[in-house]
Amino acid sequence: MKKILELNEIKKQFQMGTEIVRALKGVSFDVSSGEFVTIMGSSGSGKTTLLNTLGCLDKPTEGTYLLDGVNIGKLNRNELAKLRNEKIGFVFQAYNLLARTTALENVELPLFYNSAISPTVRKERAIAALEAVKLADRMHHMPNELSGGQQQRVAIARALVNEPVMILADEATGNLDSRTSYEIMALMQELNQVQGKTIVFVTHEPDIAAFSSRTIILKDGRVVKDSYNENRRSARDMLAALPVTEDY
């Protein structure tokens, strides 16, 4: 199986006033194509620093990180930005949609930076991405006309539109209620199991991590556990088991 992520002894330190903060203290793991991995850790575990490294938003102080075979430590800022746009689809807790732009235009956004793609192809790919998250009927709606779950689906479609090697999600269910969280995780499981997408999902919620195939736990800047989830839960089954609520 092809390795999408390869981390070897990743260390990251910051200067905070007179103190040196060692956020990552030698993190090593690989993620293969088609895996669904969750990364967990409490506040101060190094989770955010690791996320920024995985997303090519920051370089490690020491160690090597290969993304789809490319050593990010050897890239300059422009090369990092290009790699990020081509290889990674980001999904954030706060959706990060442009407020005065339709769902379709929000999804098209990453493709504006790719001069090789014509406006026609850009639109076709954005529509296909919205169809993949079952939101094609809302493509002309503004974000304020969509529910939280629908906005997150638009964000996932935007992450898919560049056909990245990895979807990197940061607390993507953090602002959602249980039902909507399960809907988003059911979509993530479908993208992973049916379409073979590689997903790295950062969360602090064990019940969300149970939907992935593997969980990596960070503590004090180190990996303290890396295990496969033998009793992986189905988000679609969990959704079906929820009581039906009626609006009066």
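The values are calculated or read from the model by the stated rules, or taken from the named source; none is laboratory data. Predicted model only: the values in this text are computed from it and were never measured. Glycine also receives a Cβ, built like all others from the backbone with ideal geometry; neighbour counts cover every protein chain displayed.
I'd like to check something: does the stretch 49-64 contain any residue that is surrounded by fewer than 16 Cβ atoms within 10 Å (Cβ to Cβ), of a type in the set (D, E, K, R) and without any contact (Cβ under 8 Å) to a residue 12 or more places away in the chain?
no
With (1) more than 24 Å from Leu239 (Cβ to Cβ); (2) part of a strand (DSSP E or B) as the list, and Arg122 as the residue in question, which single condition is left unmet?
The one condition Arg122 does not meet is (2).
Just one of the numbered conditions (1) surrounded by 13 or more Cβ atoms within 10 Å (Cβ to Cβ); (2) under 30 Å from Val194 (Cβ atoms) is not true of Asn8; which one?
It is condition (2) that Asn8 fails.
Scan the stretch 53-88 for residues that are among the β-branched types (Val, Ile, Thr) and in contact with a helix residue (DSSP H, G or I) (Cβ under 7 Å, 6 or more places away or on another chain) and jot them down. Give the steps one after another, and end with the answer.
Step one: of the stretch 53-88, the residues among the β-branched types (Val, Ile, Thr) are 53, 61, 64, 70, 72, 88.
Scanning the stretch 53-88 gives Thr64, Val70, Ile72.
Being in contact (Cβ under 8 Å) with a residue 40 or more places away in the chain, surrounded by fewer than 16 Cβ atoms within 10 Å (Cβ to Cβ), of a type in the set (Ser, Thr, Tyr) and at negative phi: is that true of Thr120 here?
On the way: in contact (Cβ under 8 Å) with a residue 40 or more places away in the chain: no; surrounded by fewer than 16 Cβ atoms within 10 Å (Cβ to Cβ): yes; of a type in the set (Ser, Thr, Tyr): yes; at negative phi: yes.
The answer is no for Thr120.
Does any residue of the stretch 151-174 turn out to be more than 16 Å from the chain's Cα centre (by Cα), within 28 Å of Leu97 (Cβ to Cβ) and not acidic (Asp, Glu)?
Residues of the stretch 151-174 that are more than 16 Å from the chain's Cα centre (by Cα), as a first pass: none.
Checked against the condition, which is being more than 16 Å from the chain's Cα centre (by Cα), within 28 Å of Leu97 (Cβ to Cβ) and not acidic (Asp, Glu), the stretch 151-174 yields no hits at all.
Every residue in the stretch 42-72 that is outside any loop (DSSP other than H, G, I, E, B) and either within 25 Å of Ile184 (Cα to Cα) or modelled with pLDDT under 90 (or both), please.
If we filter the stretch 42-72 for residues that are outside any loop (DSSP other than H, G, I, E, B), which is where we start, we get 47-54, 62-67, 70-72.
Residues satisfying the conditions are Lys47, Thr48, Thr49, Leu50, Leu51, Asn52, Thr53, Leu54.
Mind listing just one residue for me: the one in the stretch 125-135 that is part of a loop (DSSP other than H, G, I, E, B) and crowded, with 17+ Cβ neighbours inside 10 Å and, of those, farthest from the chain's Cα centre (by Cα)? Explain how you work it out, then say what you get.
First, the residues of the stretch 125-135 that are part of a loop (DSSP other than H, G, I, E, B): 133-135.
Next, only the ones that are crowded, with 17+ Cβ neighbours inside 10 Å stay: 133, 135.
Numbers: Val133: 15, Leu135: 19 Å.
Step by step, filter the stretch 125-135, then rank; the result is Leu135.
Exactly one condition in (1) out of contact with any Pro (no Cβ under 6 Å at 6 or more places or on another chain); (2) within 20 Å of Val224 (Cβ to Cβ) is false for Asn96; which is it?
So the condition that Asn96 fails would be (2).
Report, by residue number, each residue of the stretch 31-74 that is aliphatic (A, V, I, L, M) and either over 21 Å from Lys225 (Cα atoms) or in contact with a Phe, Trp or Tyr (Cβ under 6 Å, 6 or more places away or on another chain) (or both).
Step one: filter the stretch 31-74 for residues aliphatic (A, V, I, L, M), giving 31, 37, 39-40, 50-51, 54, 57, 66-67, 70, 72.
Result: Leu57, Leu66, Leu67, Val70, Ile72.
Is the stretch 85-103 home to any residue that is outside any loop (DSSP other than H, G, I, E, B), free of Cβ contacts under 8 Å to residues at least 40 places away in the same chain and either within 25 Å of Thr203 (Cβ to Cβ) or of a type in the set (Asp, Glu) (or both)? Before you say what the answer is, go through the steps one by one.
Our first condition is that a residue be outside any loop (DSSP other than H, G, I, E, B); within the stretch 85-103, this holds for 85-92, 103.
Of the ones still in play, those that are also free of Cβ contacts under 8 Å to residues at least 40 places away in the same chain are none.
Within the stretch 85-103, not a single residue is outside any loop (DSSP other than H, G, I, E, B), free of Cβ contacts under 8 Å to residues at least 40 places away in the same chain and either within 25 Å of Thr203 (Cβ to Cβ) or of a type in the set (Asp, Glu) (or both).
Taking strands (runs of 3 or more DSSP E) that fall entirely within the stretch 175-248, which contain at least 1 residues that are exposed (fewer than 15 other Cβ atoms within 10 Å of the Cβ) and not polar (S, T, N, Q)? Give the steps one after another, and end with the answer.
Details: elements: 199-202, 214-219, 222-228.
The strands (runs of 3 or more DSSP E) meeting that bar are 222-228.
Does the stretch 110-117 include one or more residues that are in a helix (DSSP H, G or I), under 28 Å from Leu50 (Cα atoms) and in contact with a strand residue (DSSP E or B) (Cβ under 6 Å, 6 or more places away or on another chain)?
There is no residue in the stretch 110-117 that is in a helix (DSSP H, G or I), under 28 Å from Leu50 (Cα atoms) and in contact with a strand residue (DSSP E or B) (Cβ under 6 Å, 6 or more places away or on another chain).
Tell me which residues, restricted to the stretch 205-248, are more than 26 Å from Ser32 (Cβ to Cβ) and acidic (Asp, Glu).
Asp220, Glu246, Asp247
What number of residues within the stretch 136-170 satisfy the criterion of being free of Cβ contacts under 8 Å to residues at least 60 places away in the same chain, part of a helix (DSSP H, G or I) and not acidic (Asp, Glu)?
Looking only at that region, the number is 11.
Of all residues in the stretch 1-39, how many are within 16 Å of the chain's Cα centre (by Cα) and among the β-branched types (Val, Ile, Thr)?
5
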